[in-house]
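Since the structure comes first, as structure tokens, the remarks are kept for the end.
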Amino acid sequence: MSASYKRIQYSRYGGPEVMHIEAFPLPAPGKDEVLVQVKCAAINPIDWKLRQGRMKLITGRTFPRAMGMDFSGVVLAVGASVSRFRVGDAVFGLSRFKESGALGEAVVTREDFLASKPDTLSFADAACLGTPGITAWNGLIDQARLQAGQQVFINGCAGAVGEAAVQIALMSGATVSGSCSASDVARAQALGVSTVYDYRLTDLKRLPARFDVVYDTAATMTVSTGIGLLRPGGCLLDLNPGPCKFLRGLIDRRLKLVIGTPRHEILETLASAASEARLKIRLGEVVPLDGAIQLIRELEQGRKLGGKGVVAMER
């Protein structure tokens, strides 16, 4: 038996004009799935990239399609094989990549894509952890195997993924340098970035320092520039993969492509760090569901919030 909820969805790939808030039937969760009443959902660039059809080979051509990856909320129902959650539990995490759906009143996702929300963390703050935290962890820990004492350079260290990467690298005992806009330099320094470069005034190819790990969280660095910043045995983390990079990565082991892969163990570690104030993603603006499409439109067109855009659901 299914229930009806509202969400942002679209009936064809395209620009902001294809988004609408509509009612939709949400089926009961499958055996390893959880139905969550969404309290807050965070907006990420991947949301509009999927809607634009950039990954249609993965997402397919079945419509209508939902939007949104990151959320927090309360468990409404669990599948027969779910053992980690019960109805009424406060959780946060990610929707399934292909189906999305976090930007709505309820979402069904895999048990493994969820963790318990700490009592000390608001629903808005918890909703911001998913994609940035998972992406940063997948790169630094899963791919680079970051060790204490290593030197890390994060391009885009004041963006959401960059912020998460800075804090995870510091938790791992690394020393962090990075680049960001002039307006974010003080913020990056407060996070613990030891040397901060204004990206508009800095030619990264001319930096004298060399690093064990370079993470291009801004997705603006060329592979040759990133490789040029590495120490012997170092690696470049790239979260903007394409066919050419996949081929190069097979030949040059210094290039490692980062594809976000949620696991509950990572989410639980992020939750613990956030509850201890060792990890925080800045909040920029919180809007209700009926204001979400306009905020997504503005962010897609380049508006800067100085933090995450969050949608607070009401039902």
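The values are calculated or read from the model by the stated rules, or taken from the named source; none is laboratory data. Keep in mind it's a predicted model, so treat the numbers as computed, not measured. Neighbour counts run over all protein chains shown; Cβ positions are idealised from the backbone, glycine included.
For (1) in contact with a Gly (Cβ under 9 Å, 6 or more places away or on another chain); (2) not hydroxyl-bearing (S, T, Y), each residue gets a yes or a no:
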{"residue": "A90", "(1), (2)": "yes, yes"}
{"residue": "S95", "(1), (2)": "yes, no"}
{"residue": "E111", "(1), (2)": "yes, yes"}
{"residue": "D119", "(1), (2)": "no, yes"}
{"residue": "A148", "(1), (2)": "yes, yes"}
{"residue": "C157", "(1), (2)": "yes, yes"}
{"residue": "G162", "(1), (2)": "yes, yes"}
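Could you tell me which numbered condition A273 fails, if it satisfies all but one of (1) touching a helix residue (DSSP H, G or I) at 6+ places or on another chain (Cβ under 9 Å); (2) surrounded by 20 or more Cβ atoms within 10 Å (Cβ to Cβ); (3) modelled with pLDDT of 95 or more; (4) within 20 Å of Q167 (Cβ to Cβ)?
(2)
Is it the case that L140 is within 19 Å of G68 (Cβ to Cβ), in contact (Cβ under 8 Å) with a residue 40 or more places away in the chain and buried (at least 24 other Cβ atoms within 10 Å of the Cβ)?
Details: within 19 Å of G68 (Cβ to Cβ): no; in contact (Cβ under 8 Å) with a residue 40 or more places away in the chain: yes; buried (at least 24 other Cβ atoms within 10 Å of the Cβ): yes.
Spelling it out, it is not the case that L140 is within 19 Å of G68 (Cβ to Cβ), in contact (Cβ under 8 Å) with a residue 40 or more places away in the chain and buried (at least 24 other Cβ atoms within 10 Å of the Cβ).
Is it fair to say G234 is without any contact (Cβ under 8 Å) to a residue 40 or more places away in the chain, surrounded by 17 or more Cβ atoms within 10 Å (Cβ to Cβ) and in contact with a Leu (Cβ under 6 Å, 6 or more places away or on another chain)?
No: the conditions fail for G234.
For the stretch 1-25, which residues satisfy the criterion of being in a strand (DSSP E or B) and within 24 Å of the chain's Cα centre (by Cα)?
K6, R7, I8, Q9, Y10, H20, I21
Exactly one of (1) at pLDDT below 95; (2) within 17 Å of G234 (Cα to Cα); (3) touching a strand residue (DSSP E or B) at 6+ places or on another chain (Cβ under 9 Å) is unmet by K205. Its number?
Exception for K205: condition (3).
How many residues does the stretch 102-149 hold that are part of a loop (DSSP other than H, G, I, E, B) and out of contact with any Phe, Trp or Tyr (no Cβ under 7 Å at 6 or more places or on another chain)?
The qualifying residues number 13.
Return the total of residues in the stretch 47-67 being under 16 Å from the mean Cα position of the chain (by Cα) and under 30 Å from R86 (Cβ atoms).
The number of residues fulfilling the criteria is 2.
Enumerate the pairs (first residue in the stretch 180-200 and free of Cβ contacts under 8 Å to residues at least 12 places away in the same chain; second residue anywhere and not in a helix (DSSP H, G or I)) with beta-carbon separation below 8 Å, excluding pairs fewer than 6 apart on the same chain, so at least 6 apart or on different chains.
Sorted first by the residue in the stretch 180-200, then by its partner, the pairs are Q189/V196.
Could you please find all residues in the stretch 19-42 being of a type in the set (V, I, T) and farther than 16 Å from G93 by Cβ?
I21
Answer with yes or no whether I8 is in contact (Cβ under 8 Å) with a residue 60 or more places away in the chain, in contact with a His (Cβ under 9 Å, 6 or more places away or on another chain) and β-branched (V, I, T).
It is true that I8 is in contact (Cβ under 8 Å) with a residue 60 or more places away in the chain, in contact with a His (Cβ under 9 Å, 6 or more places away or on another chain) and β-branched (V, I, T).
Starting from residues that are under 18 Å from P27 (Cβ atoms) and touching a helix residue (DSSP H, G or I) at 6+ places or on another chain (Cβ under 6 Å), keep the ones in the stretch 72-103 and report whichever is surrounded by the fewest Cβ atoms within 10 Å (Cβ to Cβ).
Going through the qualifying residues, I end up with K98.
If I ask for residues that are more than 19 Å from E314 (Cβ to Cβ), of a type in the set (V, I, T) and not in a helix (DSSP H, G or I), which ones from the stretch 33-90 would you list?
V34, T62, V78, V82, V87
Among the residues of the stretch 190-208 satisfying the criterion of being of a type in the set (S, T, Y) and assigned to a strand (DSSP E or B), which is farthest from S172 (Cα to Cα)?
Going through the qualifying residues, I end up with Y197.
Residues that are of a type outside the set (A, V, I, L, M, F, W, C), closer than 23 Å to R145 by Cβ, surrounded by fewer than 17 Cβ atoms within 10 Å (Cβ to Cβ) and in contact (Cβ under 8 Å) with a residue 24 or more places away in the chain: does the stretch 301-312 have at least one?
no
Results for (1) under 22 Å from I266 (Cα atoms); (2) modelled with pLDDT of 95 or more; (3) not acidic (D, E), shown as yes or no for each residue.
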{"residue": "P27", "(1), (2), (3)": "no, no, yes"}
{"residue": "L35", "(1), (2), (3)": "yes, yes, yes"}
{"residue": "A41", "(1), (2), (3)": "yes, yes, yes"}
{"residue": "I46", "(1), (2), (3)": "yes, no, yes"}
{"residue": "K56", "(1), (2), (3)": "no, no, yes"}
{"residue": "G60", "(1), (2), (3)": "no, no, yes"}
{"residue": "A66", "(1), (2), (3)": "no, yes, yes"}
{"residue": "L76", "(1), (2), (3)": "no, yes, yes"}
{"residue": "L94", "(1), (2), (3)": "yes, yes, yes"}
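Looking for something closer than 28 Å to A126 by Cα, touching a strand residue (DSSP E or B) at 6+ places or on another chain (Cβ under 7 Å) and assigned by TED's automatic domain parsing to the domain that holds P241 - is there at least one such residue anywhere in the stretch 195-202?
The answer is yes, given that some residue of the stretch 195-202 is closer than 28 Å to A126 by Cα, touching a strand residue (DSSP E or B) at 6+ places or on another chain (Cβ under 7 Å) and assigned by TED's automatic domain parsing to the domain that holds P241.
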